[in-house]
1. Where residues in region 313-322 are in a loop (DSSP other than H, G, I, E, B) and not hydrophobic (A, V, I, L, M, F, W, C), which of them is least open to solvent (accessible area, probe 1.4 Å)?
2. Take ARG99 and decide whether it is crowded, with 17+ Cβ neighbours inside 10 Å and closer than 30 Å to ALA258 by Cα.
3. Out of all the residues in region 165-181, which are open to solvent by 20 Å² or more (accessible area, probe 1.4 Å) and touching a Lys or Arg at 6+ places or on another chain (Cβ under 7 Å)?
4. Hey, can you tell me all the residues within region 283-311 that are farther than 18 Å from VAL251 by Cα and open to solvent by 40 Å² or more (accessible area, probe 1.4 Å)?
5. Six or more apart or on different chains, Cβ atoms under 9 Å: show the pairs whose first residue is in region 234-247 and without any contact (Cβ under 8 Å) to a residue 24 or more places away in the chain and whose second is open to solvent by 10 Å² or more (accessible area, probe 1.4 Å).
6. In region 231-263, how many are within 25 Å of ARG142 (Cα to Cα), among the small types (Gly, Ala, Ser) and open to solvent by less than 40 Å² (accessible area, probe 1.4 Å)?
7. Kindly indicate which of VAL73, VAL47 is under 27 Å from VAL250 (Cβ atoms), of a type in the set (Val, Ile, Thr) and either in contact with a Pro (Cβ under 6 Å, 6 or more places away or on another chain) or not in a helix (DSSP H, G or I) (or both).
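The values are calculated or read from the model by the stated rules, or taken from the named source; none is laboratory data. As the structure is a prediction and not an experimental result, all values here were calculated from the model. For neighbour counting, all protein chains shown are included, and Cβ atoms are generated from backbone atoms with ideal geometry for every residue, glycine included. Accessible surface is based on the protein model in full, side chains and every heavy atom, while ligands, DNA and RNA are left aside. Shrake-Rupley method; radii C 1.70, N 1.55, O 1.52, S 1.80 Å.
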Amino acid sequence: MHYVIVGNGVCGIEAALAVRGHDAEARISVVSDEHDHFYSRPALMYVFAGQTSLRDTEPYDRGLYERLRFERVRGRVVALDTAGKSFRLEDGRIVGYDRLLLAVGSRARPAPWPGAPGRGLHYFVTLQDLEGLDREARPGMRAVVVGGGLIGVEVAEILLARGLEVTFVIRENWYFPLALDEREAAMVAEHVRAHGVDVRLGANVEGIGRGADGALSAVRLEAAPRAVAEPGSPALAEAPCDLLVCAIGVVPNTAFLAASGLRLSKGGAIEVDGGLRASDPDVWAAGDCANVTWADGSRRPEQLWYTARDQGRVAAASMLGNEASYRRGTWYNSAKFFDMEYTTAGWVPVRLDWDNTPLEPAPGVREWFQRTPGRFDSQRIVCKGDRVVGFNMLGGRWNHEVMLDWIDSRRSLAFVLDHLAEAQFDEELSPRWRRAAAPRA
């Protein structure tokens, strides 16, 4: 049996390891055009900042392929022929398969603004994106980062650390509304501004200015729908720009599948069943490129490191012929906004729609919120009825596993508040959590 895995990120490598663990004789080929070895994509910002090397982000030693007899295929897939059970690489080579896993991840959403394409435009998703940005970003340049998510704030941080002047443009009325409420986002924006970033909220990009030589000169801004930034506001002033980073999200890296016959979602994700099998019986898809069912019944890709890992394992089991079905457990994630820690677990409602429309809380939902006076530190606990269903924690280090256990055990708010310090992950001399406010609706 020849298993071919396209993509050597966490999803593809976990699948390859799982297949080899259950089939010592299988032929396993791993295809990638990015890097010879699996590396930790979330660590790219630290590579750019010089805090670690690319090789130090590789979780496995470089003898892994030889030791486990993985065949390395370097090249970019440009077309898939499901009828012929083969695909074509950019250099014309044809690779056949018996069973195929597409773990091709995602790519940056292209900048849609007039004048954007050209010299000075960058993204920050792939290793090639990092290399391009690293070559061009120089101290003293005026950088504009567009997009109020995790990638955007990471890029703002590393460019500022390199000595660039950074303007951070966010369409929404507050930063990262998919994860933060207005109080939390205001604290993050205050923290980021305190580091020296010019944060522009409620601002849409109208167009990109370039000089006669094609070099970037400015980013033209306008008020976003229902924006708090009114015309004439300093937030909407034209932002001088020598370097532009577009961080407005990612899309499935599936353009090469347009003529494959595989069923794709409207957004380009590969439609899969519970076992992550695609519409062709010998093709599977997993990770950022796969359209899966969420807890609320909607279908969309999951773009998290640990869900890609888990999907790779499930896809491998399904490819091997075992009964396997992907069901994600309770949500959790962690990140950093400069040096402000962020931990979330469970269900935390979104309070702002994409067009800046405030969203009302669901019936029966109440929240307990506390910000530590004088510190960039807050806790938000979400309850449905008498049980805790979600956490949003900023400014400290928290153990999501403890929080997930409380959610799964249907613990009450009173119990959680009495034991919350037990979930703290902070170092010995860090300030300990204390309850300083009563629950509020």
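1. Within region 313-322, the first condition is being in a loop (DSSP other than H, G, I, E, B), and the residues that meet it are 320-322.
Next, only the ones that are not hydrophobic (A, V, I, L, M, F, W, C) stay: 321-322.
Details: GLY321: 63, ASN322: 78 Å².
Among them, the one singled out is GLY321.
2. On the way: crowded, with 17+ Cβ neighbours inside 10 Å: yes; closer than 30 Å to ALA258 by Cα: yes.
Judged against the criteria, ARG99 is a match.
3. GLU165
4. Those that are farther than 18 Å from VAL251 by Cα and open to solvent by 40 Å² or more (accessible area, probe 1.4 Å): ALA295, ASP296, GLY297, ARG309, ASP310.
5. Going by the 9 Å Cβ cut-off, the qualifying pairs are PRO234/ARG200; ALA237/ARG200; ALA237/LEU221.
6. Here the count works out to 5.
7. Numbers: VAL47 fails: either in contact with a Pro (Cβ under 6 Å, 6 or more places away or on another chain) or not in a helix (DSSP H, G or I) (or both).
Testing whether each residue is under 27 Å from VAL250 (Cβ atoms), of a type in the set (Val, Ile, Thr) and either in contact with a Pro (Cβ under 6 Å, 6 or more places away or on another chain) or not in a helix (DSSP H, G or I) (or both) leaves just VAL73.
So that you can scan it fast, the table gives a plain yes or no per residue for (1) in a loop (DSSP other than H, G, I, E, B); (2) touching a Leu at 6+ places or on another chain (Cβ under 8 Å):
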residue	(1), (2)
VAL95	no, yes
LEU101	no, no
VAL104	yes, no
PRO117	yes, no
PHE124	yes, yes
LEU130	no, yes
ARG135	no, no
PRO139	yes, yes
VAL145	no, yes
